[in-house]
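The values are calculated or read from the model by the stated rules, or taken from the named source; none is laboratory data. Bear in mind the structure is a predicted one, so any value in this text is a computation, not a measurement. Just the protein is used for accessible areas: all its heavy atoms, side chains included, with ligands, DNA and RNA removed. Shrake-Rupley method; radii C 1.70, N 1.55, O 1.52, S 1.80 Å.
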Amino acid sequence: QVQLVESGGGLVQPGGSLRLSCAASGSIFTITNMGWYRQAPGKQRELVAAIPSGGSTNYADSVKGRFTISRDNAKNTVYLQMNTLRPEDTGVYYCRVNLRTTVAAPVYQYWGQGTQVTVSS
């Protein structure tokens, strides 16, 4: 069993900052790719940022220069630092973790429960 626990969402004024965290626990052999997605009301879920186990990060154009994704492999945790937040950043943010539970297992994708981010004055 693998569990993902997200934290850090909330209400913030435009221009403010939030930091999201997502910790994976359970039967984990290795984590490959980690990422954050968001879903605004009435819209499809979209990729915000992703970070592989090695290599460069990638971001949605709408958040480049404002959001930073990072990971702590020792803690199996991925973070999303969100600065200069805008009302259009409002939505439910989900973390996604790709991992193997054993050395021989295939890579499976797991999702967090989602955390609400609301940017409003």
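Here are the numbers for this structure:
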item: Carbon/sulfur fraction of accessible area - the chain, other protein chains in place, 1.4 Å, %; result: 48 percent
item: Over the stretch 1-71: Kirkwood hydrodynamic radius from C-alpha pairwise inverse distances, Å; result: 14.0 Å
item: log10 of Debye I(q)/I(0), alpha-carbon scatterers only, for the chain at 0.10, 0.20, 0.22 Å⁻¹; result: -0.29, -1.06, -1.24
item: Relative contact order of the chain, pairs being alpha-carbon contacts under 8 Å that are 6 or more residues apart, as %; result: 36 percent
item: Solvent-accessible area per residue for the stretch 31-121 (1.4 angstrom probe, square angstrom); result: 51 Å²
item: Karplus 3J(HN,Hα) series, Hz, for the stretch 76-83 with 6.51 cos²θ - 1.76 cosθ + 1.60 (x for Gly, Pro); result: 6, 10, 10, 10, 9, 8, 10, 10
